[in-house]
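**Q** Quick one: this structure, given as structure tokens, is what I'll be asking you about.
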Amino acid sequence: MSAPGAGPMTHVLVVDDDREIRDLLGRFLAKHGYRVTAARDGKEMRRALADWRIDLVVLDLMLPGEDGLTLCRKLRAKSQIPVIMLTMMGEETDRIIGLEMGADDYLPKPFNPRELLARMKAVLRRAKCAPARPAAAGRKILDFSGWMLDLGLRRLESPQGLIVDLSAGEFDLLVAFVEHPQRVLSRDQLLDLTHGRTEAPFDRSIDMQVSRLRHKIEPDPKDPELIKTVRGGGYVFTAIVTHNETADT
């Protein structure tokens with residue numbers, strides 16, 4: 001692992017059980033001015049995250065023990081560190097699942113290290129431009145049609161008081177809708193608002209996530225009232241949204 005005391009370089013954590021890939025990326029990224037820490041599995045990944053201030057994680061999907069999707073989901077539940085996933089799989093469904101777990105980008109193996117570098121720069125640029133989360137003691141609560149969305153706890157509560165389990169992608173999509181109610185949002189806008197990719201292969205991920213979200217918040221997903229499709233335009237969130245603050249205890 002990297003030694004303490006290094007300068008303020010961007011610190012990248014590479015998590016891959018393939019030693020050759022760890023070594024290759026370590027040398028390549030170091031030559032381009034990045035500080036690199038390598039981990040073989042989830043245990044070493046957690047140790048590195050606890051010991052260092054990591055700016056970006058390059059995470060392999062297929063790992064011994066906990067796989068990359070599980071690790072990404074757990075990381076995203078408590079951190080907004082950007083994640084780029086690597087995998088041998090090339091199916092669109094696998095890419096969509098990775099994004100739903102909270103990954104910021106997805107790169108299939110084998111890959112050109114220069115392409116990874118370009119994606120890293122893009123993801124870091126987006127992360128830098130994203131608004132910082134408020135450090136105030138209060139939490140932001142968004143209410144709509146009896147539902148309560150707690151942004152601080154990343155929790156959705158139904159009108160009946162039940163906690164609804166949402167994936168990272170579904171939660172971010174719902175936040176995009178409730179923060180832009182009664183406004184037509186295109187798929188590109190939703191991809192941008194949810195920190196997704198603007199590349200064509202991921203366009204369908206929005207449609208799939210909308211479908212899953214409707215099944216969780218709509219009385220009748222086949223005849224949605226909250227998230228309506230606008231032909232040729234995208235989607236519109238029809239509910240009236242109120243903003244509240246609650247103090248942490």
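The values are calculated or read from the model by the stated rules, or taken from the named source; none is laboratory data. Just so it is clear, the model here is predicted, and its values are computed rather than measured. Quick reminder, even Gly has a Cβ in these numbers, built from the backbone with ideal geometry, and neighbours come from all protein chains shown. When the accessible area is computed, the model is the full protein with side chains, heavy atoms only, and any ligands, DNA or RNA have been set aside. Shrake-Rupley method; radii C 1.70, N 1.55, O 1.52, S 1.80 Å.
**Q** Using a 7 Å offset from the Cα along the Cα-to-Cβ direction at both LYS109 and ASP18, what is the distance between the two label points in nm, to one decimal?
**A** 0.3
**Q** Anything over 32 Å Cα to Cα? Flag those among LYS121/LYS228; LYS78/LYS121; LYS109/LYS228; LYS43/LYS222, in the order listed.
**A** Too far apart for the 32 Å limit: LYS121/LYS228; LYS109/LYS228; LYS43/LYS222.
**Q** Here's a follow-up. Could you tell me the calculated FRET efficiency between MET148 and GLU44, based on Cβ-Cβ distance and R0 = 41 angstrom, to the nearest 0.05?
**A** About 0.60, to the nearest 0.05.
**Q** Could you rank the peptides 152-164, 209-221 by their average count of other C-beta atoms within 10 Å per residue, with the highest value first?
**A** Per-residue Cβ counts within 10 Å, averaged per peptide and sorted highest first, yield 209-221, 152-164.
**Q** Around LEU124, what is the net charge, scoring Lys/Arg as +1 and Asp/Glu as -1 over all other residues with Cβ under 10 Å from its Cβ?
**A** Counting the neighbours of LEU124, the net charge comes to +3.
**Q** Can you give the net charge of the other residues whose Cβ lies under 14 Å from the Cβ of ARG22, counting K and R as +1 and D and E as -1?
**A** -4
**Q** What does a probe at GLU225 reach in segment 151-186, counting residues whose amide N is under 17 Å from the point 7 Å along Cα→Cβ?
**A** From segment 151-186, the list is 158-161, 182.
**Q** If we count every other residue with Cβ under 10 angstrom of LEU142's Cβ, Lys/Arg +1 and Asp/Glu -1, where does the sum land?
**A** Charge balance in the 10 Å sphere: -2.
**Q** Additional query: In segment 24-54, whose amide N lies under 17 Å from the spot 7 Å out along Cα-to-Cβ of LYS78? List them in ranges.
**A** 42-54
**Q** Ordered by packing density, taken as the mean number of other Cβ atoms within 10 Å over each peptide's residues, highest first, how do 230-237, 61-68 rank?
**A** Final packing ranking: 61-68, 230-237.
**Q** Using a 1.4 Å probe, what is the accessible area per residue for segment 142-243, in Å²?
**A** On a per-residue basis, 50 Å².
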